[in-house]
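Student: The following block contains the structure, expressed as structure tokens.
The values are calculated or read from the model by the stated rules, or taken from the named source; none is laboratory data. This structure is a prediction, so every number in the text was calculated from the model and none was measured. Note that we place each Cβ from the backbone using ideal geometry, even for glycine, and neighbour counts take in every protein chain shown. When the accessible area is computed, the model is the full protein with side chains, heavy atoms only, and any ligands, DNA or RNA have been set aside. Shrake-Rupley method; radii C 1.70, N 1.55, O 1.52, S 1.80 Å.
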Amino acid sequence: MRRIRALAFISVIVGCATTPHLEVGPVPVGVVVDSRLQYYDVSAASLSEIRQAMRQEGPRSEGRVWSAVTNWRLLWTYQYANRATSGCELRHVHVRVQAVVTFPRWNPTAEPDSSLVAWWRQFNAGLAEHERGHALIAVKAGGEIVRALEGMSGPHCDVLGIQANTVGERLLFAAIAQQREYDRSTRHGQTQIQQAGRLQEP
């Protein structure tokens, strides 16, 4: 018998990258990462126009406009195995981390000067690092769910399934809290932006 449990949530962040790549490092056993990048166009010739375009065209979530938004969710699956001694046991636990990241794509409407190009690259470098942090939290949570559920046992499979999903939900909500704290401590990426080449206004 196969049991599937899926939960979804949205983590809103500020971030963008010229050529974004979410490098999450080694993926825990039992976790699969499925990410997709999509773009919205920012047509501008100056810094003020870039900012205005992102405010107008940026993705909206929770009543606010952001430079970028990452929608992600964790889906876990498992199988029941009947055991003579333990009754029912969970095996083959897998977690899929799905993420859709929306970034701005700058289309200069005039030949930009070198200082504006440098600003854009540094701005994106800092925000891309911020995005990576969110991805790492999600992947880490996926690994924690696998480790917590694999091998769980109980006398009845139906009851065990309820217990397993309760554990999964608890770990998911813990990850949500970590995401919020990460945004608070980094000021939604501003810390990473400032660390990216000592960003200077062009």
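Student: With the requirement that a residue be assigned to a helix (DSSP H, G or I) and open to solvent by less than 70 Å² (accessible area, probe 1.4 Å), what does the stretch 39-73 give you?
Tutor: Taking the stretch 39-73 as the starting set, the residues that turn out to be assigned to a helix (DSSP H, G or I) are 47-57.
L47, I50, A53, M54 - these are the residues of the stretch 39-73 that are assigned to a helix (DSSP H, G or I) and open to solvent by less than 70 Å² (accessible area, probe 1.4 Å).
Student: Looking at (1) surrounded by fewer than 17 Cβ atoms within 10 Å (Cβ to Cβ); (2) part of a strand (DSSP E or B), which one does P26 not meet, given that it meets all the others?
Tutor: (2)
Student: Return yes or no: is G154 within 23 Å of E89 (Cβ to Cβ), crowded, with 17+ Cβ neighbours inside 10 Å and in contact with a Gly (Cβ under 9 Å, 6 or more places away or on another chain)?
Tutor: Taking the combined requirement at face value, the residue satisfies it.
Student: Can you tell which of A148, A125 is surrounded by 14 or more Cβ atoms within 10 Å (Cβ to Cβ) and either of a type in the set (S, T, N, Q) or at pLDDT below 95 (or both)? Steps first, answer last, please.
Tutor: Details: A148 fails: either of a type in the set (S, T, N, Q) or at pLDDT below 95 (or both).
Only one candidate qualifies: A125.
Student: Going through the stretch 163-190 one residue at a time, which ones are of a type in the set (S, T, Y), in contact (Cβ under 8 Å) with a residue 40 or more places away in the chain and open to solvent by 30 Å² or more (accessible area, probe 1.4 Å)?
Tutor: Y182
Student: Just to check your reading of the model, which residue among L136, L160 is touching a residue at least 40 places away in the same chain (Cβ under 8 Å) and either under 17 Å from the mean Cα position of the chain (by Cα) or not in a helix (DSSP H, G or I) (or both)?
Tutor: L136
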